[in-house]
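The values are calculated or read from the model by the stated rules, or taken from the named source; none is laboratory data. Being a predicted model, the structure only gives us computed values, none of them experimental. All Cβ positions, glycine included, derive from the backbone under ideal geometry; neighbour counts span all protein chains shown.
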Amino acid sequence: MSASTLEMKAVAISGSPRAPSKSKTLAELMLAALEEQGCTTSMIDVAELPAEALLARKPTLEIDAAVSAVAAARIIVAATPTYRALYTGALKCLFDLMPPAALAGKICVPIQTAAAPQHFLAIDYGFRPLFASLDGVSIAGVHATDEQFVDGQPNEKVRQRVRDVALVAVTLGGAMGG
């Protein structure tokens with residue numbers, strides 16, 4: 001493990017408006033996998049942010065702290081359930097509040113859960129343009145369906161995918177100057 005890996009920060013953004021949430025569970029697993037790789041991690045839960053602030057009706061310290069956490073991180077994980085074949089509006093609201101180029105030079109990891117496997121392309125047609133609009137570097141992420149969860153926990157195949165993606169994110173983050 002290099003010194004840059006030990007200093008690398010990662011932040012996950014949970015875009016689910018509900019709790020418990022399968023997508024937030026995957027985000028937490030991703031953070032744990034990134035911690036195993038030596039990253040310092042934190043979680044932003046959009047469901048806990050003030051709704052008025054997410055709609056840009058008034059500034060708040062919570063939104064400022066969330067945007068600052070993203071600015072300080074090398075790896076950004078965005079997790080969401082599939083709503084209307086895309087990500088949640090609450091997640092989009094937070095990204096809309098970020099300044100231009102907020103993700104420049106950052107490794108962006110999409111995580112999406114869905115009721116049906118047919119939504120697996122939402123990562124490509126939803127998250128890639130979202131990350132690119134803020135100059136982020138999107139990598140292949142994690143997509144999981146409801147049937148891949150038992151009692152709210154993902155099966156081993158999904159858990160392994162999370163570990164594999166975490167390794168890629170850390171490797172790329174370190175190569176980009178972690």
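Among VAL158, VAL168, which is the only one that is at pLDDT 95 or above, of a type outside the set (Gly, Ala, Ser) and under 15 Å from the mean Cα position of the chain (by Cα)?
Exactly one of VAL158, VAL168 is at pLDDT 95 or above, of a type outside the set (Gly, Ala, Ser) and under 15 Å from the mean Cα position of the chain (by Cα), namely VAL168.
Do you know which residues across segment 96-113 are surrounded by fewer than 22 Cβ atoms within 10 Å (Cβ to Cβ), touching a helix residue (DSSP H, G or I) at 6+ places or on another chain (Cβ under 8 Å) and free of Cβ contacts under 8 Å to residues at least 40 places away in the same chain?
MET98, PRO99, ALA102
In segment 114-142, which residues are surrounded by 23 or more Cβ atoms within 10 Å (Cβ to Cβ) and either of a type in the set (Asp, Glu) or part of a strand (DSSP E or B) (or both)?
Matches in segment 114-142: VAL142 only.
Tell me yes or no: at least one residue of segment 1-8 is at pLDDT 95 or above, within 19 Å of the chain's Cα centre (by Cα), of a type in the set (A, V, I, L, M) and not in a loop (DSSP other than H, G, I, E, B).
Within segment 1-8, none of the residues are at pLDDT 95 or above, within 19 Å of the chain's Cα centre (by Cα), of a type in the set (A, V, I, L, M) and not in a loop (DSSP other than H, G, I, E, B).
Any residue that is assigned to a helix (DSSP H, G or I), small (Gly, Ala, Ser) and either in contact with a Ser or Thr (Cβ under 8 Å, 6 or more places away or on another chain) or touching a residue at least 40 places away in the same chain (Cβ under 8 Å) (or both) - is there at least one of those in segment 79-89?
Checked segment 79-89: no residue is assigned to a helix (DSSP H, G or I), small (Gly, Ala, Ser) and either in contact with a Ser or Thr (Cβ under 8 Å, 6 or more places away or on another chain) or touching a residue at least 40 places away in the same chain (Cβ under 8 Å) (or both).
Of the conditions (1) outside any strand (DSSP E or B); (2) within 27 Å of GLU147 (Cα to Cα); (3) at pLDDT 95 or above, ALA19 clears all except one; give me its number.
Going through the list (1) outside any strand (DSSP E or B); (2) within 27 Å of GLU147 (Cα to Cα); (3) at pLDDT 95 or above, ALA19 breaks only (3).
Just give me the residues in segment 90-113 being in a loop (DSSP other than H, G, I, E, B), among the hydrophobic types (A, V, I, L, M, F, W, C) and under 14 Å from the mean Cα position of the chain (by Cα), in sequence order.
LEU103
Quick check on my filter: what residues within segment 127-141 are touching a helix residue (DSSP H, G or I) at 6+ places or on another chain (Cβ under 9 Å) and of a type in the set (A, V, I, L, M)?
Answer for segment 127-141, where residues must be touching a helix residue (DSSP H, G or I) at 6+ places or on another chain (Cβ under 9 Å) and of a type in the set (A, V, I, L, M): LEU130, LEU134, VAL137, ILE139, ALA140.
What are the residues in segment 31-53 that are buried (at least 19 other Cβ atoms within 10 Å of the Cβ) and either part of a helix (DSSP H, G or I) or on the phi > 0 side of the Ramachandran plot (or both), if any?
Correct list: LEU31, ALA33, LEU34, VAL46, ALA53.
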